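A short write-up of the structure that comes next.
The values are calculated or read from the model by the stated rules, or taken from the named source; none is laboratory data. Please read all numbers here as calculations on a predicted model, not as lab measurements. Here the Cβ positions follow ideal geometry from the backbone for every residue, glycine too, while neighbour counts run over all protein chains shown. Side chains are part of the model used for accessible areas, which takes the heavy atoms of the whole protein and leaves out ligands, DNA and RNA. Shrake-Rupley method; radii C 1.70, N 1.55, O 1.52, S 1.80 Å.
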Amino acid sequence: MQFVTPANVTAALLLLFPYLAVGFFSSGLASRVQALPLGVRLAAPALLCASYILVAFAGGVFSWCWLLLYALLPVLVAVLLWDAGRVDPAQQGNLRDFVVLLTLGLAVDLRWFERAWPPHLAIFNKMLLLDAGIYGFVLIRQLDGTGPGATCFDLRLRLKDLAIGLREAAFYTPIALALGLGLGFLHFHPGWPQPWRIPAAWIFTFFFIAVPEELYFRGWLQNLLEKRIGRTAALVLTACLFGLAHFNKRSATFNWRYVLLAAIAGIFYGRAWRSQRRVGASAITHATVDTIWSLWFR
């Protein structure tokens, strides 16, 4: 509870607002953003740095250099993706798209900017960069999802999302258990947690782990790669990259077991996404798998 301070709570709300607002009202917000003058449209994401100001000042680690980075990087993302949309209106995937994806992905995975934040509060870095990507890809680039007028990010879940998501989780779970236990990566912890912990763990995982990762890997990366290299190749390549993104998790060296299991999981997450091209479906698969792991096999 030491981190629940007025500054941190305000900063969290500032970062959650664009994430949830776009997730539930993307079409309406996109049209309003597109109606703004171009300069305002491209400069607006600089406001995301307000969360850094609040948390860093309260934590005694404020730096003008970090403030400049957090003010300019979201603007640069918006500019690059606006230009990508200008030269690639068919959304076949432009070099600028992949430069943005590479930069955001490496910044999070390699923890480039985490030292800017007080100890144990680096999640603010991840959420700020996620918001920068959401603003750029959904509101500026307007990367589509299932067809005209459908964005790549929609959290208005449908029953079909649940059916698809749970189906793919059911397909992957036996494979993960057999392989993970056999490799010594998974360790079964018998027992039943308090009933409230299961939905609480699933909801937290869904919103703060599954949706951000699925939006990045499936809604943006696999989405763009499909138009370049085809459905199957995009599925496999994205799954491999998803696996590699876990190379430094739970280990100081290359964690090949985690990479292998995550890459296989990525196949099923990608299948869930491409069934209806909806991040909600793959996030349900992802959150279900991670919840089972965290409660019984970590």
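For every residue, the table says whether it meets (1) more than 22 Å from residue 135 (Cα to Cα); (2) open to solvent by 70 Å² or more (accessible area, probe 1.4 Å); (3) of a type outside the set (Val, Ile, Thr).
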site	(1), (2), (3)
32	no, yes, yes
37	no, yes, yes
49	no, no, yes
56	yes, no, yes
65	yes, yes, yes
68	no, yes, yes
71	no, no, yes
**Asked** What residue, of 275, 251, 282, is in a helix (DSSP H, G or I), surrounded by fewer than 19 Cβ atoms within 10 Å (Cβ to Cβ) and touching a helix residue (DSSP H, G or I) at 6+ places or on another chain (Cβ under 8 Å)?
**Response** 275
**Message:** Give all pairs with beta carbons closer than 9 Å in which a residue from the range 191-202 that is closer than 17 Å to residue 298 by Cβ and open to solvent by 50 Å² or more (accessible area, probe 1.4 Å) meets a residue that is in a helix (DSSP H, G or I) and among the charged types (D, E, K, R); count only pairs at least 6 apart in sequence or on separate chains.
**Reply:** 202/290
**Asked** Looking at the range 110-119, is at least one residue closer than 30 Å to residue 33 by Cβ, open to solvent by 80 Å² or more (accessible area, probe 1.4 Å) and among the charged types (D, E, K, R)?
**Response** no
**Item:** Hits in the range 39-50 - residues which are more than 24 Å from residue 126 (Cβ to Cβ) and in contact (Cβ under 8 Å) with a residue 12 or more places away in the chain
**Value:** 41
**Prompt:** Within the range 11-30, which residues are open to solvent by less than 40 Å² (accessible area, probe 1.4 Å) and farther than 19 Å from residue 152 by Cβ?
**Reply:** 11, 12, 15
**Request:** Taking residue 55 as the residue in question, decide whether it is under 26 Å from residue 242 (Cβ atoms), in contact (Cβ under 8 Å) with a residue 12 or more places away in the chain and among the β-branched types (Val, Ile, Thr).
**Result:** no
**Message:** Testing residue 226 on (1) in a helix (DSSP H, G or I); (2) touching a residue at least 60 places away in the same chain (Cβ under 8 Å), one condition comes back false. Which one is that?
**Reply:** (2)
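So that you can scan it fast, the table gives a plain yes or no per residue for (1) of a type in the set (Lys, Arg); (2) at pLDDT 95 or above; (3) in a loop (DSSP other than H, G, I, E, B); (4) at positive phi:
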site	(1), (2), (3), (4)
138	no, no, no, no
163	no, yes, no, no
167	yes, yes, no, no
176	no, yes, no, no
193	no, no, yes, no
**Request:** Name the residue, out of 86, 96, 111, that is among the basic types (Lys, Arg), out of contact with any strand residue (DSSP E or B) (no Cβ under 8 Å at 6 or more places or on another chain) and not in a helix (DSSP H, G or I).
**Result:** 111
**Message:** Going by what's in this entry, would residue 77 be described as hydrophobic (A, V, I, L, M, F, W, C), open to solvent by 30 Å² or more (accessible area, probe 1.4 Å) and either in contact with a helix residue (DSSP H, G or I) (Cβ under 7 Å, 6 or more places away or on another chain) or not in a loop (DSSP other than H, G, I, E, B) (or both)?
**Reply:** no
**Message:** Suppose the filter is of a type in the set (Asp, Glu) and at pLDDT 95 or above; does residue 226 pass it?
**Reply:** no
**Message:** Looking only at residues that are among the polar types (S, T, N, Q) and open to solvent by 30 Å² or more (accessible area, probe 1.4 Å) in the range 89-109, which one is nearest to residue 229 (Cα to Cα)?
**Reply:** 92
**Asked** Condition test on residue 207, is it under 30 Å from residue 92 (Cα atoms) and either touching a strand residue (DSSP E or B) at 6+ places or on another chain (Cβ under 7 Å) or in contact (Cβ under 8 Å) with a residue 12 or more places away in the chain (or both)?
**Response** no
